[in-house]
1. Spot the failing condition for ALA364; the list is (1) modelled with pLDDT under 95; (2) in contact with a helix residue (DSSP H, G or I) (Cβ under 9 Å, 6 or more places away or on another chain); (3) of a type in the set (A, V, I, L, M, F, W, C), and only one is missed.
2. Quick one: which residue in PHE413, PHE432 is over 24 Å from ALA229 (Cα atoms), in contact with a strand residue (DSSP E or B) (Cβ under 9 Å, 6 or more places away or on another chain) and not assigned by TED's automatic domain parsing to the domain that holds VAL378?
3. Mind listing just one residue for me: the one in the stretch 134-149 that is in a loop (DSSP other than H, G, I, E, B) and free of Cβ contacts under 8 Å to residues at least 60 places away in the same chain and, of those, surrounded by the most Cβ atoms within 10 Å (Cβ to Cβ)?
4. Out of (1) part of a helix (DSSP H, G or I); (2) at pLDDT 95 or above, the odd one out for ALA158 is which?
5. Given the criterion modelled with pLDDT under 90, buried (at least 17 other Cβ atoms within 10 Å of the Cβ) and farther than 30 Å from TYR211 by Cβ, identify the matching residue among GLU440, GLU428.
6. Among the residues of the stretch 279-320, how many are over 23 Å from GLY101 (Cβ atoms), out of contact with any Gly (no Cβ under 8 Å at 6 or more places or on another chain) and crowded, with 20+ Cβ neighbours inside 10 Å?
7. Please go through the stretch 181-196 and give me each residue that is in contact with an Asp or Glu (Cβ under 9 Å, 6 or more places away or on another chain) and touching a residue at least 24 places away in the same chain (Cβ under 8 Å), ordered by number.
8. With respect to LEU435, determine if the residue is closer than 19 Å to ASP215 by Cα and either at pLDDT 90 or above or touching a helix residue (DSSP H, G or I) at 6+ places or on another chain (Cβ under 7 Å) (or both).
Amino acid sequence: MEHSMPRRVPVSSLFTGLLLATVASVQAQRIPGEVWQQYATPEEAGWTAEGLEVAKVFADSIGTAAFLLVYDGAVVTTYGDVGRRYMCHSVRKSLLSGLYGIHVAEGRIDVTKTLAELGIDDKDSLTDEEKHATILDMLRARSGVYHPAAYETPEMAARRPARGSHPPGTFWYYNNWDFNTLNAIFEQETGTRIFEEFDIRFADPLQMNDYRVRDGYYHLEVYKSDFPAYPFRLSARDMARFGLLYLYEGRWGDRQIIPASWIEATRTSYSETNDFRGYGYMWWTFPDSIAGGGVYSALGVGSQTITVVPTHDIVFVHRVDTYAGDRVPLQQILALLQRLIDAKTGEAADDPDLVPLPEPPPAARFVDVPEAVLEQYVGAYRTVTVTQSDGTLVLYDPDSGYFGLWPITEHEFWVEDVQDRVYFLAIEDGGFELLLESMENRRGVAELRSGNVNRAIVIFRENVRLFPDSWKAYDSLAWAYEHRGDGVHAIENYRRSLELNPDNTNARQAIERLGGGS
């Protein structure tokens, strides 16, 4: 159940030594340099290739986009594009928790301060009782402040308790208001901004490969709260470095980045949640029945995970493409993790043969476009804006953040990470209209669901014309023709979609359903 009294852990015992850099016992730890090192063969790490293949087949069946398994500081195996920056969703909270640990130790943040002492208020005003909540209460998701918040799902809003129903510190509720306000407090107390500070404190010393400051943005919903969410995009290989830092008790080589005592407090469960997990300082904990015990995770919608398995010296990162609407239940992620653990049948070599982890292949083929051509595309387009920075176009979507646009032709661009296409279409007044492949597809789907089949076909046909190598565009056009009862054109476009993507089982099934053969 969500309702639970906190486990009583003396605050003094949790924070002893936090004001000093914790000196962890120095063990021989393998630290990745600029390039991750990978075991030359699974057997070098004590794994079997056959067992790992079983896990990958399972990952493929559940909709995994990418995963990365680290053992003893080197990569055992990967699946999918581990360099693609997917949305982290609620993993952002665990990233902020790490930054709190650093600044608490350096004396800039006092976790015993209340909202009243910090001068924190919000729309509709917090009550005096709510303002008694401390930073520590919020880190544990036990503030008792049940105020609307940015970036919360309808399910979170529906489960939110009534204002004033529980005093601070007495009730666990997974509360985006706590998490968003913690960032506002962090920036207020430290005089920093989260995305720049993450770059300085983690991305730079851990030598992350893919993170850039613009991979985070502030998501504000002014009608709900004054405090924005702070979504991140990160690659699997960068998330694995963050997880390895936690596995190593906050130490990276000869440098103690996060105090070990903070990490111990972080992975301690203070609440019984509404399922089998516990909750620490914005990290989830698991019962001892999971992977040998002591497991804790940063988790986000999807499931995006950084999972630390101390008993096996493992960091496991799992990614799901939520840009495509994909979701994988947590229980299946745990089943995948267990399959990977089961694939370890022996001991690692004393001096294993390590090789550089290969760079992910480029997502598309790009061309050079003169800056003068790029400049004409700068401007505001319906719900998005386009700017130019250092010779690169950058698209800003207030619901998704900032994305570089890489030219495929002078008029067509690849949207990094989202892996979508943008087309700049010249219009009569000398300006341009921006057409985003997925945006136009969603517009057509909306027309189709509203019963405007012919209008949907017009939109999908234009999408096919602009993006002739998009299997999704042909699939949607075929779907619309099928709705109109035009089986001939439906089969024709399903077949074209299948030619572009032989794994499109929807098209294959539709062709058979419409009598077009196998």
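The values are calculated or read from the model by the stated rules, or taken from the named source; none is laboratory data. If you're wondering where the values come from, they're calculated on a predicted model, not measured in any experiment. Heads up, the Cβs are rebuilt from the backbone with ideal geometry, glycines too, and the neighbour counts pull from every protein chain shown.
1. The single condition ALA364 does not satisfy is (2).
2. Numbers: PHE413 fails: not assigned by TED's automatic domain parsing to the domain that holds VAL378.
Sole residue among the options that is over 24 Å from ALA229 (Cα atoms), in contact with a strand residue (DSSP E or B) (Cβ under 9 Å, 6 or more places away or on another chain) and not assigned by TED's automatic domain parsing to the domain that holds VAL378: PHE432.
3. Pass one, the stretch 134-149, residues in a loop (DSSP other than H, G, I, E, B): 140-149.
Then keep just the ones that are free of Cβ contacts under 8 Å to residues at least 60 places away in the same chain; that gives 143-146.
Working: SER143: 29, GLY144: 24, VAL145: 27, TYR146: 20.
Applying the filter and picking the extreme gives SER143.
4. Every condition holds for ALA158 apart from (2).
5. On the way: GLU428 fails: buried (at least 17 other Cβ atoms within 10 Å of the Cβ).
Testing whether each residue is modelled with pLDDT under 90, buried (at least 17 other Cβ atoms within 10 Å of the Cβ) and farther than 30 Å from TYR211 by Cβ leaves just GLU440.
6. Number satisfying all stated conditions: 4.
7. THR181, ALA184, PHE186, GLU189, THR190, ILE194, PHE195
8. On the way: closer than 19 Å to ASP215 by Cα: no; either at pLDDT 90 or above or touching a helix residue (DSSP H, G or I) at 6+ places or on another chain (Cβ under 7 Å) (or both): yes.
No: the conditions fail for LEU435.
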